[in-house]
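Asker: I have a structure here, written as structure tokens, and I will follow up with some questions on it.
The values are calculated or read from the model by the stated rules, or taken from the named source; none is laboratory data. Just so it is clear, the structure is predicted and the values come from calculations on it, not from any experiment. Please note: Cβ atoms are built from the backbone with ideal geometry, for glycine as well, and neighbour counts cover all protein chains shown. Protein only, heavy atoms only, side chains kept; ligands, DNA and RNA dropped before computing areas. Shrake-Rupley method; radii C 1.70, N 1.55, O 1.52, S 1.80 Å.
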Amino acid sequence: MAPSTLPLGLPAPEDGSVPPAAVEGAGTRSFGLYVHIPFCAVRCGYCDFNTYTATELGGGASQDAYAGSVLAELDLGARVLTSSGFPDRELSTVFFGGGTPTLLPASDLATILRASTALWGLAPDAEVTTEANPDSVTPESLRILREAGFTRVSFGMQSAVPHVLAVLDRTHAPERVPQAVAWAREAGLKVSLDLIYGTPGESLEDWRTSLSTALSYEPDHISAYALIIEEGTRLASRIRRGQVAPIDDDDHADKYLLADEMLAQAGFQWYEVSNWARTPLDECRHNLAYWRGDDWWGAGPGAHSHLGGTRWWNVKHPRAYAQALDAGRSPAAGREILSAGDRSVEEVMLRARLSEGLPTDRLTPAGRRAIAGLIADELIQPAAAFAGTVVLSFRGRLLADAVVRRLLPD
Amino acid sequence: MSPMARTAPVPAATDPAIIRNFCIIAHIDHGKSTLADRMLQLTGAVEQRDMKAQYLDRMDIERERGITIKSQAVRLPWELDGTSYALNMIDTPGHVDFTYEVSRSLAACEGAILLVDAAQGIEAQTLANLYLAMENNLTIIPVLNKIDLPAAQPEKYAAELAGLIGGDPEDVLQVSGKTGVGVEALLDKIVRDLPPPTGDPDAPARAMIFDSVYDTYRGVVTYVRVVDGNLRPRERIQMMSTRASHELLEIGVSSPEPKPSKGLGVGEVGYLITGVKDVRQSKVGDTVTTLAKPAAESLGGYEDPKPMVFSGLYPLDGTDYPVLRDALAKFTLNDAALVYEPETSAALGFGFRVGFLGLLHLEITRERLEREYNLDLISTAPNVEYQVTLEDRTVLLVTNPSEYPSGKIAEVREPMVSATILAPSEFVGAIMELCQQRRGVLGGMDYLSEDRVEIRYRLPLAEIVFDFFDLLKSRTRGYGSLDWKADGDQVSDLVKVDILLQGDQVDAFSAITHRDKAYAYGVMMTGKLRELIPRQQFEVPIQAAIGARIIARESIRAIRKDVLAKCYGGDITRKRKLLEKQKEGKKRMKMVGRVEVPQEAFIAALSSDEAKDKARK
């Protein structure tokens, strides 16, 4: 999941090297790999991810040659890490996102995973996930993935209600989802379902239907995102023109309330603002690594990477990406080297979203002084705060950004 | 026809018989500046290549708004029948806020061009200035401008002008400042019809100040019309109102660039520079004489300018307070009518209570402060000066609602104006309705022509300072015009309405209103604030109250969701930057108790856009 708009940053070096400071403390951080697959059969009206349909792509960046470019970036990554003095770390998580990774032949995904394993090694308990569209998998393709070492598949279900799927431009038939889930189970993969709520025209009942339908498929994990209207998407312009109703924060709040209630009833626990797992073992460790500030290499056009306070992002277009690698250059478009202050802001911003919480000793004195007020306003859990951790209350999860601002007063 | 003069008469040695002093009386956008430009060109005072549109309107804001704030005087040479004449054109402000300055400019002239748009007819302010001119016994030359416009109705308006000032419609000149048609004939007519100035060349010098401008490089430039005697360079002059004396460092005429001369004689118009740095030492209306041979009596007619409208000016960014303080100090060097004193608002911080001649004066001053000093300002709702008598007979003058006493009040007096409104007669009903709503009392009504009417009302000043003019314009489809002058005061049933956010009073939103209108104000302001203040993490009640009595209430529901749903690897940088931006935005928030109020909400709540909204509906 790489957003389409890249941040403004410093120029990134052509050889992909990272500053020495990025190595500090690497031994205490896990290492993961994100692989971006920038292809979709259709572009959805709400999506601002860096993805391309076959017709948008044009020549010079075919899906067939894509795996080769990724392999070249992985080679570069391995060289950079070794020459920068990073200790050897096995991959603890791998995540294929998109786009629609399953638009590539399963054998391509398997090839990329095997190459990564060859370069870095894969931890015995590693989590290897791919995102998938319910209509882009077959029993055969899922079996190939499992055999290659994939452990988990995350289906973009979004909704169980046809008119909601239509507004989102999702093409799959709702009845395709249980079938895909069953095939994944048969292949031995864990299953996560992605849902979107707050789509224009979606009633509270529609959302209840989507939740109960998703739960009836008995997934291990559910992500539920409020629909964000991103600038530049087709849905944004349809709303601006008045063709589709604008989204409403109160409606989102009601639907979040319903989701948490139904998911908790079904035995799911929230572990991040928008994520619920059946057991702690079902939590998505790859995403947790993002929020905990661990290291990862992001391969593919527009993918973001993070190594010990250095973040960088690749060029957006698959053609420019392939050209850079063909010429032996790093595909990075820009980077930022976080100051100590930036890093602690990010730590508060990200860890406060987790149920495991943020240790209060990670806050500045002024940030700690805000805690009493947050307890008074019922935004954080008092018992956790007394024990030295900031954990959002239910109300606080819906106002998490406001909580973060109050924890960062300076 | 006369070409430009071959030889121009020399200042200080010009026979009054060949001098003509005149001004142009016109409404905003009736084309005065364009006509003046054309005269500068035709007389050769400004070379073609130096010509820029509206040469005389020097300030950017004047040029943009097409209005003249400060007057200037230009000496133009013109030849008729073989004689070279010196024409002094004295530019006058056209707006009602500057009536006193207009009256002084008129007093410097023997004649006035009454310039009227041939498509629109005369407007109330022009009529007011015309009365002033006739009171000063000026000879009036009626002129219809913009006769090139397709919508021009010269016959109709010529008849209207002739009806007003007497005479024959045939005598009304028809010109176009834009194309130049008729302008030479007008210059000839000025020479023929206007009387030359008269005065005693041997008497002690007496010159009247009709304008006084601060110039960064030269200090105060004082514009005068010499009545008796003469002024010479290096002489010591004396201001008769203050008895202060200064050395004349430079004396000269504008043509239109300043040109030093050997002096100014009877009937001449020019400028003086003494090195004085503050226009208050060189006041419009004052009489200049010489220290060596002082005049016994001043020319009379001098008045101290009196501010009518008061508003609090606050910098959006509190750290800009010293900049605003210095800027106001500079402005008063050039604007004797501007008065100010520091004040504090619990909601807005440190600022100034500033007195203005009227609403336009306020707007122009604010705009110039923002533009010239790069300031972002909040101005509170304009107020008038109330005279509050307490039961113990103490009398207070209140220009700021937050100073309104809460104790026992015996009586409140508010300033009144007499207003003259001119409009096509089809709008009489709409105008009377508006004036009635504004507590006006009808004084009389006259038809100027078949379809144009003059309506006179006595109104509280407070009722016309905020949005009255905008509403008048919208209810008369732009045709209505307004003139007003102060007309004493009257006892009124006034109350202070406070606005409370979560129980805390917000001083910037308090208002003094008539008791019958307090409820409407309360409903309007609480409703406006409900729209303007973003939702907070808790419910925020907004109340309007008279004393302890709540008269209107609204509430802002608590925000329920403030979280970005997804935040994965590629979102982190973007999210951190958004957070930094939000924190930056928070600096532009004012805390009222626990409620965060954006600066924009103060500006929007205090602005007069209500009138525009109404016009749209």
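Asker: Regarding residue A:224, is this residue farther than 12 Å from residue A:259 by Cα and either open to solvent by less than 50 Å² (accessible area, probe 1.4 Å) or touching a Pro at 6+ places or on another chain (Cβ under 8 Å) (or both)?
Answerer: Here the answer is no, as residue A:224 does not meet what is asked.
Asker: Scan segment B:121-131 and give yes if some residue there is free of Cβ contacts under 8 Å to residues at least 24 places away in the same chain, under 22 Å from the mean Cα position of the chain (by Cα) and open to solvent by 10 Å² or more (accessible area, probe 1.4 Å), otherwise no.
Answerer: yes
Asker: Of all residues being outside any loop (DSSP other than H, G, I, E, B) and at pLDDT 85 or above in segment B:583-597, which is farthest from the other protein chains (Cβ to nearest Cβ)? Just the residue, please.
Answerer: B:597
Asker: From the residues in segment A:240-253 that are away from every other protein chain (no Cβ under 11 Å) and not in a helix (DSSP H, G or I), which one is most open to solvent (accessible area, probe 1.4 Å)?
Answerer: Filtering first and then ranking leaves A:241.
Asker: Same structure, new question: Conditions first: (1) over 20 Å from the mean Cα position of the chain (by Cα); (2) under 16 Å from residue B:210 (Cβ atoms); (3) open to solvent by 60 Å² or more (accessible area, probe 1.4 Å). Residue B:292 passes all but one, so which condition is the exception?
Answerer: Here residue B:292 meets the rest and fails (2).
Asker: Let me ask another. Could you grab me the full set of residues in segment A:30-72 that are of a type in the set (A, V, I, L, M), open to solvent by less than 50 Å² (accessible area, probe 1.4 Å), modelled with pLDDT of 80 or more and assigned to a loop (DSSP other than H, G, I, E, B)?
Answerer: Residues satisfying the conditions do not exist here.
Asker: Would you mind finding the one in B:128, B:133, B:158 that is assigned to a helix (DSSP H, G or I) and touching an Asp or Glu at 6+ places or on another chain (Cβ under 6 Å)?
Answerer: Only one candidate qualifies: B:128.
Asker: Another question, if that's okay. May I ask you to say which residue of B:313, B:299, B:272 is part of a strand (DSSP E or B), of a type in the set (A, V, I, L, M, F, W, C) and not assigned by TED's automatic domain parsing to the domain that holds residue B:371?
Answerer: Checking each option against the conditions leaves just B:272.
Asker: Condition (residue is open to solvent by less than 20 Å² (accessible area, probe 1.4 Å), within 14 Å of chain A (Cβ to nearest Cβ) and polar (S, T, N, Q)) applied to segment B:463-482: is it met by at least one residue?
Answerer: No, segment B:463-482 has no match at all.
Asker: Which condition from (1) open to solvent by 10 Å² or more (accessible area, probe 1.4 Å); (2) more than 15 Å from residue A:132 (Cα to Cα); (3) among the aromatic types (Phe, Trp, Tyr) is the one that residue A:183 breaks?
Answerer: Among (1) open to solvent by 10 Å² or more (accessible area, probe 1.4 Å); (2) more than 15 Å from residue A:132 (Cα to Cα); (3) among the aromatic types (Phe, Trp, Tyr), residue A:183 violates only (2).
Asker: Hey, any hits in segment B:536-547 for a residue that's open to solvent by 60 Å² or more (accessible area, probe 1.4 Å) and within 14 Å of chain A (Cβ to nearest Cβ)?
Answerer: yes
Asker: List the helices (runs of 4 or more DSSP H) inside segment A:254-360, counting only whole elements, that have at least 2 residues being buried (at least 24 other Cβ atoms within 10 Å of the Cβ) and more than 10 Å from chain B (Cβ to nearest Cβ).
Answerer: A:318-326
Asker: Return yes or no: is residue B:565 in contact (Cβ under 8 Å) with a residue 24 or more places away in the chain and buried (at least 18 other Cβ atoms within 10 Å of the Cβ)?
Answerer: Against the criterion (in contact (Cβ under 8 Å) with a residue 24 or more places away in the chain and buried (at least 18 other Cβ atoms within 10 Å of the Cβ)), residue B:565 does not qualify.
Asker: Does residue A:402 satisfy the criteria of being more than 10 Å from every other protein chain (Cβ to nearest Cβ), out of contact with any His (no Cβ under 6 Å at 6 or more places or on another chain) and either open to solvent by less than 10 Å² (accessible area, probe 1.4 Å) or free of Cβ contacts under 8 Å to residues at least 24 places away in the same chain (or both)?
Answerer: Spelling it out, it is not the case that residue A:402 is more than 10 Å from every other protein chain (Cβ to nearest Cβ), out of contact with any His (no Cβ under 6 Å at 6 or more places or on another chain) and either open to solvent by less than 10 Å² (accessible area, probe 1.4 Å) or free of Cβ contacts under 8 Å to residues at least 24 places away in the same chain (or both).
Asker: Restricting the search to segment A:15-67, which residues are among the aromatic types (Phe, Trp, Tyr) and touching a helix residue (DSSP H, G or I) at 6+ places or on another chain (Cβ under 8 Å)?
Answerer: Hits for segment A:15-67 are A:31, A:34, A:39, A:46, A:52, A:66.
Asker: Filter segment B:173-193 down to the residues that are assigned to a loop (DSSP other than H, G, I, E, B), open to solvent by 10 Å² or more (accessible area, probe 1.4 Å) and aliphatic (A, V, I, L, M) and list them by number.
Answerer: Of everything in segment B:173-193, just one residue is assigned to a loop (DSSP other than H, G, I, E, B), open to solvent by 10 Å² or more (accessible area, probe 1.4 Å) and aliphatic (A, V, I, L, M), namely B:181.
Asker: Among the residues of segment A:378-399, which ones are farther than 15 Å from residue A:274 by Cα and within 13 Å of another protein chain (Cβ to nearest Cβ)?
Answerer: Residues satisfying the conditions are A:378, A:379, A:380.
Asker: Would a scan of segment A:368-377 turn up a residue that is within 10 Å of chain B (Cβ to nearest Cβ) and either part of a loop (DSSP other than H, G, I, E, B) or of a type in the set (D, E, K, R) (or both)?
Answerer: Yes, because at least one residue in segment A:368-377 is within 10 Å of chain B (Cβ to nearest Cβ) and either part of a loop (DSSP other than H, G, I, E, B) or of a type in the set (D, E, K, R) (or both).
Asker: Right, something else. Name the residues in segment A:236-267 that are of a type in the set (Lys, Arg) and more than 16 Å from residue A:196 (Cα to Cα), would you?
Answerer: Of everything in segment A:236-267, those that are of a type in the set (Lys, Arg) and more than 16 Å from residue A:196 (Cα to Cα) turn out to be A:238, A:240, A:241.
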